[in-house]
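**Student:** Got a structure here, written out as structure tokens. Questions coming.
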Amino acid sequence: MKLDINAVPTPSYVLEEETLRRNLAIFDRVQRESGAKIILALKGFAFWSAFPWIRETLHGATASSLHEARLAYEEFKRETHVYSVAFSDAEFPEILKIADHIVFNSFSQWRRFRDQVKGSPRKPQCGIRINPGYSEIKTPLYDPCYANSRLGVTRAEFKPEDLDGISGLHFHAHCGNNSDTLERVVESFEKLYGEFIPKMKWINFGGGHHITRADYDVDRLIRVVKSFRERHGVEVYLEPGEAVGWRTGPLVSSVLDIVRNGMDIAILDTSATAHMPDTLEMPYRPEIRGAAEPGVLPHTYRLGGLTCLAGDVIGDYSFEKPLEIGDRLVFEDMIHYTIVKNTTFNGVNLPSLCIWTKEGELKVVRKFGYEDYRDRNS
Ligand SMILES: Cc1ncc(COP(=O)(O)O)c(C=O)c1O
């Protein structure tokens, strides 16, 4: 059944159960054939109404903060993994109560908290994030291996004498990469840290693996993980965020006004900066259903957001027919890294959260209002 776009209250993110389940089937195959354990990175996808479907397949969720850890523990209800660039004295005891795996970003953090870990009833498994010394990420904003990066211990700073109590190593050096890149990162990791792997129970290969993208080489991923596990006798974790939410639904918006300044400009009831921040931060050009590059179709518009930020512009697009006030525009693939990053800048309301079930029902699972804006300001 096709989603009736005109029935969607705008603006709304619409998570499609069927495409999410399609992604989960790919993860299921990877886990069965490679032996990897896959966990959901909440930083990219935290739409927890969908957790009951996701936990049928994925082993758990990974958090980067106390709040994400609570969400993993309370709503995902399988393994709770936590990695933070730095844990605070105030929050660490709370994390200790709910975490199954804790990954430290430095040996100084591990030394600071290891006695608390040893004395805790839950006894989480601990790991150290290392810098594998190699990545192929083109955008420095997303590259944890750039010169002087604060993310992960370098080989020069690695402290073998402090490994007592450490059962895993973690690296995250991918961002939308394919599995040939993983193969090269693993090679660099083994060259630098291979001597420590026999002391470990697990190695976490981080996130950034675009496993559910159409051109991702899943067979190679399976080969890389399987042969690593066989070579070293350890468990392997993968923790994708984006690949879980990849192409699982759009952001639906409406045209509120059309103005002119040298060209036609449509003002939408959504915002690049508040509702799809990566279009400005990454930056990238989102795909709009039925639209093309400017000038390709007869009617070209600049699409602008609701906030007073001059650069709150999504881009220039062309359409078959002239846009009219009230028309719906469908921004494709807007579930991952949008909802988790959106803001109420300018007091602009947050888009509703909807689910389009595989039975063809549109459920509005969350609407936002004035209180959400008020309560985060004092
Ligand atoms: C440590 C860590 N794990 C997992 C992820 C998830 O990455 P992605 O959503 O690209 O799969 C990230 C993203 O920044 C990360 O920093």
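The values are calculated or read from the model by the stated rules, or taken from the named source; none is laboratory data. What you are looking at is a predicted structure, and each value in this text was computed from that prediction instead of being measured. In this analysis, Cβ positions are derived from the backbone assuming ideal geometry, glycine residues included, and neighbour counts consider all displayed protein chains. Areas reflect the complete protein model, heavy atoms only, side chains present, ligands, DNA and RNA absent. Shrake-Rupley method; radii C 1.70, N 1.55, O 1.52, S 1.80 Å.
**Student:** Could you list, ordered by first residue, the pairs with Cβ atoms under 8 Å in which the first is in region 75-89 and not assigned by TED's automatic domain parsing to the domain that holds GLN116 and the second is part of a helix (DSSP H, G or I) and surrounded by fewer than 24 Cβ atoms within 10 Å (Cβ to Cβ), at least 6 apart or interchain?
**Tutor:** Listed by first residue and then by second, the contacts come to nothing, as the list is empty.
**Student:** For residues in region 239-278 being under 26 Å from HIS174 (Cα atoms) and open to solvent by 10 Å² or more (accessible area, probe 1.4 Å), which is farthest from the ligand (Cβ to nearest atom)?
**Tutor:** THR273
**Student:** If I filter region 27-52 down to residues being more than 16 Å from the ligand (Cβ to nearest atom) and within 15 Å of GLU74 (Cα to Cα), which single residue comes out as surrounded by the fewest Cβ atoms within 10 Å (Cβ to Cβ)?
**Tutor:** Only one residue tops the list, namely PRO52.
**Student:** Kindly provide the set of residues from region 55-71 that are within 14 Å of the chain's Cα centre (by Cα) and open to solvent by less than 30 Å² (accessible area, probe 1.4 Å), ordered by number.
**Tutor:** ALA61, THR62, ALA63
**Student:** Do the conditions hold for LEU309, that is, is it over 27 Å from ALA7 (Cβ atoms), aliphatic (A, V, I, L, M) and in a loop (DSSP other than H, G, I, E, B)?
**Tutor:** Considered against the rule, which asks whether it is over 27 Å from ALA7 (Cβ atoms), aliphatic (A, V, I, L, M) and in a loop (DSSP other than H, G, I, E, B), LEU309 comes out as yes.
**Student:** List every residue pair whose Cβ atoms sit under 6 Å apart, with the two residues 6 or more apart in sequence or on different chains, where the first one lies in region 323-348 and is open to solvent by less than 20 Å² (accessible area, probe 1.4 Å) and within 16 Å of the ligand (Cβ to nearest atom) and the second, anywhere, is among the hydroxyl-bearing types (Ser, Thr, Tyr) and in a loop (DSSP other than H, G, I, E, B).
**Tutor:** Qualifying pairs under 6 Å: ILE335/THR248.
**Student:** Something else now. Name the single residue, out of those in region 92-109 being part of a strand (DSSP E or B) and β-branched (Val, Ile, Thr), that is nearest to ASN204 (Cα to Cα).
**Tutor:** VAL103
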